[in-house]
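See below for the structure under consideration.
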Amino acid sequence: RIVHSGAACNVNDDNISERIYTIKEGYTLVLQCIVKGHPRPQVRWTKTAGSASDKFQETSIYNETLRIEGIQRVQGGRYYCKADNGVGVAAIKSIRVDVQYLDTPVLTVHQTISDVRGSYYQEKTVFLRCTVNSNPPARFIWKRGNILIEQSKDNGVDIYEPLYTQGETKVLKLKNLRPKDFADYTCQVSVRNVCNIEDKSVTFRLTNATTPPMIRLSVNDTVVVVDPGQDVLLNCEIMAGFPAPTVTWSRYPGPLPLSAQVRGPMLFLRAVTPADAGFYNCSAVNNVGNPARKNVNLIVRTMTNLTFQITPDSNKDSETIQMGRDLKLSCHVDATPQDKVNYSWYKNSAPVFNSESLIILRSDPDMAPGTSSLEIIDMKFRDLATYSCMANFPGSRVPELRVDVNISQNVSPPVLSVPPGGQVVSVQEGGNTELVCLVVDGKPRPPVLWSRAEKDLLMPGGRSVTETPDGRLRMRNVSRDMMGVYRCQTAPYNGLNIKRREAQVQLNVQYPPILDPVFQDLRSRNYQMVTLRCAVLRSNPPRLTDIRWFRNGEFIRIPMPDLKETPELQFKLEPRNNGSYECRVSNSIGMSTCTFNVSTKPYNAEFYFDTPNPVRIQKGNNYSYNLQWTQRDPEATDPIIGFWLIVRKVKQNVLLKQIDLRGKEPEKGVLMSHTISDLKIPLAYEVRLAPITTYCTGDYISRTIQYSEHHVCGFEDERICGFSQDRSDVFDWTRQNHLTQNPKRSANTGPETDRSGTKEGYYMYIEASRPRVQGDKARLLSPLFNVTSVRGPKGSGRVPYCVSFYYHMKGKHIGTLNVLLRVRSIASHTTVDSEVWTKSGHQGPDWKRALFDVSPSGPFQIVFEGIRGPSFEGDIAIDDVSITIGKCKQENTVASAGKTGKSFKGWEM
């Protein structure tokens, strides 16, 4: 079932028994999927009937609790909770979330087209159009001044709903304006106070001076070209319009530059860069007629990458320079605006002018747009010279660019060559290499362009083509997805403009065999045949060089396996050959391993941590504990005939009792239980449990149980007792125990174990290492407590709560741990945070306890706020949190609270 603890307006069932959750836009949606079953089901949230927004995708959709801060209208729809634990059929429940909202209406004034030719409003027909977006549909009310307009009582008005409009629209038509029609008109919209959404309205004053906006720009041209670094001022002058229009500036594509300054109708751009180029739009709106718009295209001059081409006589299909034939030199620069570039040609530093033998083409039609060419007709020896091409913007501060081309009889086509042995380059994965395609002859020598021979594959840098001036493509940290054929070819620029020279190089990435499974835990009955298979998924080179099997590290002498077959080991499982088996598969690059743990022992039992009310008070100073567990795959081994249960006092190596549970034969997925009695208040106990088969005893698993009057959260469960991460902070709290700690973590900060001192026990902490910086905050939120459902002590309007937790603050860079009380106002639906506890700096190497009372005025949450200190030795941890009704007892009632997989059952959320 799905329950809610967020700010719902209403939850009801419709006529087809579907639960509908109604919530106001901007509130926090909290849905909790209550699941039962063991092993613990995995829960996943999905959504239909509406677009899945980014905020929903950022939430943890794999937890029982789905939390969406500030829910938006597009996040309404049907939410599904699916729980699956591999036993039986998955359980699915759904709830429909209806997000309700009411925008401020927009009121615009219009006339018919024919009316515009005369006096704009006087004695003409006017339409007042009121549009609003809402859920549920809004109700409209029109007023003239403070008087309600009713169509049946005034022949001069007509109220109707137009067709083909977005959102909800009502039109008030004023027919043949009368003197009394010049007044204040109010459009009031209402959703009848659903979700406490108040009515909204908009008012417009209609006069005989009412006119639509008219504007003009301070620049006469629609295109403005400027140099980089130049200041630009655009003024959107209002020519007409009443009421006074509002002017806004926008840009396409993208938003206005960060450096842009808007001062009323003026837009100021200081020291523009090429990134500031674009279409700048000025809009003037006064809700009369259509908005007035003007735009200007701002172009910032740029000029880069000046290249040249030498084209031999194309009519003679020549690739060399020959006397008596034509030759063309071309020059191109990447510029903005391209058509404003001016090219100048020089021969041996002297300007070139058009003549019978030298012809300048300002825009060569045979080349890319914006290319200038110099044609040499019927080439003579006197034409052998150095030619220079200069590109600039006339009158601009953009520096000119120049390229020199030496034309001599030495100019010859390039020869592209792959060095001997370089057609195939082999490299081990993770290594560095280079592919080589050299221009070994020809003058001038053009760059070499590299691309993938396979279609749609990009180069390692993410581009389709990579230019190399020397023909060497250097590759680092090579991965197997980079393997394939690479094409190298001469560039069509900075050299002869002839047929491209091409070659190919194959990159062969070598890696050890990839095997499946990497690890497998295999249990079986005694004297059964067991087959171990180690499948080779991929390998390069594919030829295997060796296959060996090992048991407990010792080589198994078997006939040499066929290297072309799947490695396989078959044997009869006996007491003497239990253990760890490895299949080591090698090729010429390296070795990989499949590991199998083969045993006749049964799988470990699994404790169930969600037992409701496991503690029972007995006579005297005693209590009992209801221990529950399941047995994984009980039929995998010899029949399980029962369990051994050992109970010891915590921190004392004293055996309290050993219980023989023979006869408890498990079934797959079925919960088993045993009540441990005669336990002393308030002592904690370690319990160990192991399955027994007809052949042997399995491995013991261990946990700690204890008596506690309080509901303590030790964060043993991944669901962390309903706590959640605050989405508005900088980073999150992390759940960890001694076994999951990073072995390379800082040694002088953070706890070694949880508060109870066990390696398996979990706690929550903030990691102060990079990328965290000083002042970064992480907030952990408790579940919501609904204090309106209980009453305080006699004569008190507020209910006291006791907050207890343990904290660990060890390290020379410790920041601050704050505890905040977040109270929600029932009337205004706002939240207020107030600090109720704080501690800063190094507090020693031990866990310490904090205990204090709060008396909230409404529904509340406890917020643990960790603030990162000046450097990395600043980890802060918390554990064993309890929040209970009533004032704190000063005696140590929860000092022994340990690890029980505790949950906040009994909390009113």
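The values are calculated or read from the model by the stated rules, or taken from the named source; none is laboratory data. Just so you know, these numbers come straight off a predicted model, no measurement behind them. No Cβ is skipped: glycine too gets one built from the backbone with ideal geometry, and neighbour counts run over all protein chains shown. Note: areas computed on protein heavy atoms with side chains; ligands, DNA, RNA excluded. Shrake-Rupley method; radii C 1.70, N 1.55, O 1.52, S 1.80 Å.
Evaluate the relative contact order of the chain (contact order divided by residue number), counting alpha-carbon pairs under 8 angstrom at least 6 apart; express in whole percent.
6
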Amide hydrogen neighbours beyond the local backbone of Cys9, cut-off 5 Å, H modeled: Thr22, Ile23, Lys24
Whole-number D in µm² s⁻¹ for the stretch 514-599, Kirkwood Cα-pair radius fed into Stokes-Einstein, 25 °C, 0.890 mPa s: 185
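Grab the other residues whose beta carbon is less than 13 angstrom from that of Thr186, score K and R as +1, D and E as -1, and report the net. Let's see the in-between values first.
On the way: positive: Lys143, Arg144, Lys170, Lys200, Arg205; negative: Asp184, Asp199.
Charge balance in the 13 Å sphere: +3.
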Whole-number D in µm²/s for the chain (Stokes-Einstein; Kirkwood sum over Cα pairs; 37 °C, 0.692 mPa s): 89
Spatially proximal aspartates and glutamates relative to Lys810 (Cα-Cα < 20 Å; intrachain offsets below 8 disregarded): Asp732, Glu752, Asp754, Glu767, Asp776, Asp846, Glu865, Glu873, Asp875, Asp879, Asp880
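Given the pairs Lys124/Lys200; Lys170/Lys294; Lys680/Lys759; Lys649/Lys812; Lys657/Lys759; Lys572/Lys657, which span a C-alpha to C-alpha distance of over 32 angstrom in this model? Intermediate results must be reported in sequence, preceding the final value.
Details: Lys124/Lys200 29 Å; Lys170/Lys294 30 Å; Lys680/Lys759 24 Å; Lys649/Lys812 36 Å; Lys657/Lys759 24 Å; Lys572/Lys657 38 Å.
Going by Cα-Cα distance, Lys649/Lys812; Lys572/Lys657 fall outside the 32 Å limit.
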Heavy-atom accessible surface of the chain: percent carbon and sulfur, 1.4 Å: 48
Diffusion coefficient, µm² s⁻¹, Stokes-Einstein with Kirkwood Rh over alpha-carbon pairs of the stretch 720-885 at 37 °C and 0.692 mPa s: 197
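Give a quick list of trypsin sites (Lys or Arg not before Pro) in the stretch 401-481 that DSSP marks as loop, anything other than H, G, I, E or B, with at most 11 other Cβ atoms within 10 Å. Don't skip to the answer; put the middle values down first.
Numbers: sites: Arg402, Arg452, Lys455, Arg463, Arg472, Arg474, Arg476, Arg480; in loops: Lys455, Arg463, Arg476.
Answer by residue number: Lys455, Arg463, Arg476.
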With all protein chains modelled, accessible area of Asp660 [1.4 Å, Å²]: 70
Rounded to the nearest 10 Å², the accessible area of Arg263 at probe 1.4 Å: 130
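In the stretch 137-202, what trypsin sites (Lys or Arg not before Pro) fall in a loop by DSSP, with at most 12 other Cβ atoms inside 10 Å?
Here the trypsin sites (Lys or Arg not before Pro) that fit, given the DSSP loop and packing criteria, are Arg192.
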Normalised contact order of the stretch 514-599, rounded percent, pairs of Cα under 8 Å and 6 or more residues apart: 43
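Show me the chymotrypsin sites (Phe, Trp or Tyr not before Pro) within the stretch 320-400 that DSSP assigns to loop and that have at most 12 other Cβ atoms within 10 Å of their Cβ. Don't skip to the end; give the middle numbers.
Details: sites: Tyr343, Trp345, Tyr346, Phe353, Phe381, Tyr387; in loops: Phe353.
Those that pass, being in a loop and sparsely packed, are Phe353.
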Surface/4 of the Cα convex hull for the stretch 307-407, nm²: 6.5
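Return the tail of the calculated pair distribution for the stretch 214-300, meaning the percent of Cα-Cα pairs more than 21 Å apart. Write out the running numbers ahead of the final one.
Numbers: 968 of 3741 pairs.
In whole percent, the share of Cα-Cα pairs in the stretch 214-300 beyond 21 Å is 26.
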For the chain, cysteines whose Cβ has no other cysteine Cβ within reach (under 4.7 Å): Cys696
For the chain, the longest site-free run once GluC sites (Glu not before Pro) in DSSP loop states with at most 10 other Cβ atoms within 10 Å are removed: 566-890
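Could you please report the charge total around Leu522, scoring K, R as +1 and D, E as -1 over all other residues with beta-carbon less than 12 angstrom from its beta-carbon?
Working: positive: Arg523, Arg525, Arg533, Lys601; negative: Asp521, Asp633.
Net local charge, Leu522 excluded: +2.
If you take every residue apart from Arg325 with its C-beta less than 13 Å away from the C-beta of Arg325, what net charge results, scoring Lys and Arg +1 and Asp and Glu -1? Please report the intermediate quantities before stating the final value.
On the way: positive: Lys316, Lys328, Lys380; negative: Asp313, Asp317, Glu319, Asp326, Glu375, Asp378, Asp383.
After counting each charged neighbour, the total is -4.
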Relative contact order of the stretch 181-328, defined on C-alpha pairs under 8 angstrom at six or more residues apart (%): 22
Karplus 3J(HN,Hα) series, Hz, for the stretch 236-244 with 6.51 cos²θ - 1.76 cosθ + 1.60 (x for Gly, Pro): 9, 7, 7, 8, 7, x, 9, x, 4
The chain, helix-only ellipticity at 222 nm - DSSP H runs n ≥ 4, -39,500 (n - 2.57), divided by all residues, nearest 500: 0 deg cm²/dmol
